[in-house]
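Notes to accompany the following structure.
Just so it is clear, none of the values below were taken in a lab; they were calculated from the coordinates. Values in this document were obtained by computation on a predicted structure and should not be read as measured data. Don't worry about glycine lacking a Cβ; one is built from the backbone with ideal geometry, like all the others, and counts go over all protein chains shown.
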Amino acid sequence: MPRYTKTAMLLHWLVALLIITTFFLGLSMVAIPGFSPTKLKYFSWHKWMGVTVLLLAVLRVLWRVTHKPPPKLVSIPEWQHKIAEGMHHLLYLLIFAVPISGYLYSYAAGVPVVYLGIWQMPAPFAPDPELKATLKTLHYVLTMTMAASVVAHALAALKHHFIDRDVTLKRMLPL
Ligand code: HEM
Ligand code: HEM
């Protein structure tokens, strides 16, 4: 059975795990009232994990454009391939847009992003309260769009595995 390359699988599952963890960390950290050292620590971790997603996303796209995915399964109708491809494009877009919106929001709020506590990342612009409000909403909306898309994507993969009993999921698993 033709599969995705080991590197494509590794990047897919590593990015998926990081995104899901960063998402729930984001929800938990904003729910902590006031300011506390724990809250600040979670904000830093959230930003580091999100920036890591962005870096891995660059690697992932570079790998994807230089390595062909396995051929389409002939048992799946063309319209379903079209929907799956559309969803994959949307997910690729969001893997970039979600962390970039968080990054820009941090700078609009006047808080620098210090990756892993070591590297102060470049400031794209000066703090701006109006932009801050817009980017906060944008980060939220993009994040929730991503959550909904990931749920639909994962349910489709599980439907192929357990109901259609085809190899769609197996091709993304190293087993
Ligand atoms: C995969 C990447 C990311 C995901 C899935 C994600 C998800 C989230 C979620 C779910 C929230 C809570 C939203 C709310 O309930 O208000 C949040 C908030 C936040 N995120 Fe991210 N985020 C990501 C990347 C980043 C990055 C790279 C940064 C900055 C470098 C960042 C900065 C922030 C900040 C500052 C908040 C707090 C917003 C507030 O004050 O309410 N995020 N994020
Ligand atoms: C944050 C979570 C996830 C993201 C961002 C994501 C993103 C993607 C993307 C962009 C592709 C297209 C790969 C390509 O051909 O270039 C893909 C493929 C795939 N994903 Fe995910 N994924 C996530 C989680 C999951 C989960 C939880 C499952 C399973 C339950 C899953 C199963 C699959 C499968 C089976 C494929 C191959 C589809 C095919 O061959 O048509 N993914 N994923």
Helix 129-162 axis, angle to the chain major axis (alpha carbon atoms, nearest 10°): 20 degrees
Kindly state, to the nearest 0.05, the FRET efficiency for residue 156 paired with residue 55, given R0 = 30 Å and r defined as their beta-carbon distance. 0.65
In nm, to one decimal, how far is the residue 92 label point from the residue 7 one, both placed 7 Å along Cα→Cβ? 1.6 nm
Would you work out the relative contact order for the chain, in percent, from Cα pairs under 8 angstrom that are 6 or more residues apart? 26 percent
For the chain, take every pair of Cα atoms, bin their distances at 5 Å starting from 0, and report each bin as a whole percent. 1, 7, 14, 19, 18, 13, 10, 7, 6, 3, 1, 0
With everything on Cα atoms, drop me the angle between helix 37-66 and the longest principal axis of the chain, reported from 0 to 90° to the nearest 10. 40 degrees
How tilted is helix 6-31 with respect to the longest principal axis of the chain? Cα atoms for both, answer in degrees (0 to 90, nearest 10). 40 degrees
Which of 33, 111, 14 sits closest to the plus end of the dipole of segment 6-172, meaning its Cα is farthest towards the positive end, when Lys and Arg get +1 and Asp and Glu get -1 on the C-beta? 14
Loop only by DSSP, 10 or fewer other Cβ within 10 Å of the Cβ. Give me the trypsin sites (Lys or Arg not before Pro) in segment 141-175 that pass, ordered by residue number. 165
Alpha carbon centre of segment 1-71 versus segment 147-168: separation in Å? 20 Å
If I stretch the segment between residue 141 and residue 28 completely, what's the gain in nm (0.36 nm per residue apart, minus their alpha carbon distance), one decimal? 39.0 nm
The chain - charge dipole about Cα centre, Lys and Arg +1 at Cβ, Asp and Glu -1, debye rounded to 20: 480 debye
Label point distance in nm, residue 123-residue 81, each placed 7 Å from Cα along Cα→Cβ: 5.1 nm
Count, lysine Cα pairs under 30 Å in segment 37-158, 8 or more residues apart or across chains: 9
Looking at the chain, which longest stretch skips every one of the chymotrypsin sites (Phe, Trp or Tyr not before Pro) that is in a DSSP loop with at most 14 other Cβ atoms within 10 Å, leaving the sites themselves out? 36-124
